[in-house]
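Written out below as structure tokens is the structure these notes cover.
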Amino acid sequence: MAEQLRAAGIGLEFLTRELQDSHAPSGVMFAVLAALSGMEREYIRDRTLEGHESARSRGKTIGGAAVTDAAMLSMVLHLRDQDLSLRDIAARLLITKGKKKGGHPSPATVLRMLREHDANVAAAPATG
């Protein structure tokens with residue numbers, strides 16, 4: 001990877017402090033900083049997950065407020081049968097509760113509703 005970076009003319013340059021200079025991608029400094037940044041990323045991830053777990057144990061909900069309900073799902077399923085795009089379906093729906101009341105859900109929310117519904121239908125035991 002260091003060779004690809006060097007061939008592309010990419011290097012590491014410190015503009016201030018004690019390390020002020022240019023460093024080649026294959027240098028020791030580059031390797032040390034890459035390792036430290038990877039460790040820092042893992043540390044931040046672990047701390048974030050610990051915070052989520054702590055919040056859940058206190059009864060807090062992680063993520064945004066739910067804007068969907070059974071009536072909206074019913075309308076989404078009806079509109080899907082009309083071969084409308086996710087964007088068109090979202091534009092025809094209204095959020096009925098919370099801060100976003102009166103707005104439209106995003107196409108991603110519509111897609112999530114459909115995926116969850118389809119997964120629940122597929123997981124339900126067959127009757128008959």
- Message: Filter the range 61-113 down to the residues that are of a type in the set (S, T, N, Q) and modelled with pLDDT of 90 or more and list them by number.
- Response: Ser74, Gln82, Ser85, Ser106, Thr109
- Task: Give the residue that is modelled with the lowest pLDDT, with candidates limited to residues of the range 1-60 that are part of a helix (DSSP H, G or I) and among the polar types (S, T, N, Q).
- Result: Gln4
- Note on the structure: Residue hits (the range 67-87; of a type in the set (S, T, N, Q) and either over 15 Å from Ser106 (Cα atoms) or part of a helix (DSSP H, G or I) (or both)) are Ser74, Gln82
- Have a look at Thr61, Thr68 and point out the one that is surrounded by 10 or more Cβ atoms within 10 Å (Cβ to Cβ) and of a type in the set (Ser, Thr, Tyr). Thr68
- Within the range 88-128, restricting to residues that are in a loop (DSSP other than H, G, I, E, B) and of a type in the set (Val, Ile, Thr), the one that is farthest from Thr68 (Cα to Cα) is Thr127
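The values are calculated or read from the model by the stated rules, or taken from the named source; none is laboratory data. Values in this document were obtained by computation on a predicted structure and should not be read as measured data. Ideal geometry is used to build each Cβ from the backbone, glycine not excepted, and the neighbour counts take in all protein chains shown.
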